[in-house]
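Data block below; observations after.
Derivation of every value follows stated rules applied to the coordinates shown; laboratory data play no part. Note that this is a predicted model, so its numbers are computed, not measured. Here Cβ is always computed from backbone atoms with ideal geometry, including for glycine, and neighbour counts include all displayed protein chains.
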Amino acid sequence: MTVNNIAQNQMSPAMMRLASGNRINSAADDAAGLAISEDMLAQIRGLDQGTRNTADMQALINTAEGGLETVGDSAQRIRELSVQAQNGILTDDQRAMIQDEIGQLAQGIQAAVNGTEFNTMSLLDGSVTDANTASSPSGTGATFSINDMSGIAQAMTAIAEDGSFDLSAIDSALTQVAGERANLGTLSNRMEYTMSANSVSSLNLADARSRIADADMAREMMELEQDRVINEMQVMLQQQEQENVETSAQRVMATGA
């Protein structure tokens, strides 16, 4: 191995750290540090994926809440019409027209219940049960269910068909919708806090991992420069030593001659 090769091999660790930006490029550099940094990296990536999972679930919840808003608005209109139908000045034909409108609104509620979907999953027909948000690095998280709203459409349809204009049934439906919307709103807020907590934890872990695994560029540059100077001096000394040996050999040969 030549003198230049020796010098290059001595400087290669610092050069590798400068090139990669990492203090630990192999287990040989720092076995314990590598194990710790890899565990931290798993936590960081798990937290980041948990944040994305939570954002997806929050979007699902907001979609369901939007469908429930439509159901609630229609039920409010049905209640308004039912109160109007109690008015003694109306004729039977006029009450029949009110029933027709209630029937159309009931069909709209049924369409909202059946058509509110997220990622092809129906949200308001009771299909969502014990859904896992998977917000943590271990894949666990808050679970929740969305109640079946199909009965509301059936109750509204019954009111349209029998002409009872049953306000108690409508009020019960409105209470159910409002309660479910409140529950989903609470879940959405909780997920907002979860995403914020995950982001803070991820940033702190990334900062801690950086101190373990990332190279100190200023220090590496200084060490590289020191190595370069030392290696150049070693090269010069070895070259001088080689020249001295050659000179001595030449003197010996000349004396012998």
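With each label modelled as a point 7 angstrom along the Cα→C-beta vector, the Asp39-Leu203 pair spans 2.5 nm.
Neighbours of Leu167, meaning other residues whose beta-carbon lies under 13 angstrom from its beta-carbon, give a summed charge of -2 when Lys and Arg score +1 and Asp and Glu score -1. Summary of packing: across the peptides 205-211, 66-72, 142-148, the per-residue average of other C-beta atoms within 10 Å ranks them, highest first, as 66-72, 142-148, 205-211.
Here the extension length gained between Gln238 and Ser127 equals 31.9 nm, from 0.36 nm per residue of separation less the Cα-Cα distance.
If packing is taken as the average count of other Cβ atoms within 10 Å, what order do 101-109, 83-91, 176-184 fall into, highest mean first?
Top of the packing list down: 101-109, 176-184, 83-91.
How much net charge surrounds Arg181 when only the other residues with a Cβ under 12 Å from the Cβ of Arg181 are counted, with Lys and Arg +1 and Asp and Glu -1? Neighbour charge sum, excluding Arg181 itself: -4. Across the stretch 79-87, rounded Karplus estimates of 3J(HN,Hα) from the backbone phi angles (6.51 cos²θ - 1.76 cosθ + 1.60, θ = phi - 60°) give 5, 4, 5, 5, 5, 4, 5, 6, 5 Hz, Gly and Pro being marked x.
Taking 25 Å as R0, compute the FRET efficiency from the Cβ-Cβ separation of Glu117 and Gln154 and round it to 0.05. Present the calculation step by step, with values, prior to reporting the outcome.
Details: r = 20 Å, r/R0 = 0.80.
Using R0 = 25 Å, I get an efficiency of 0.80.
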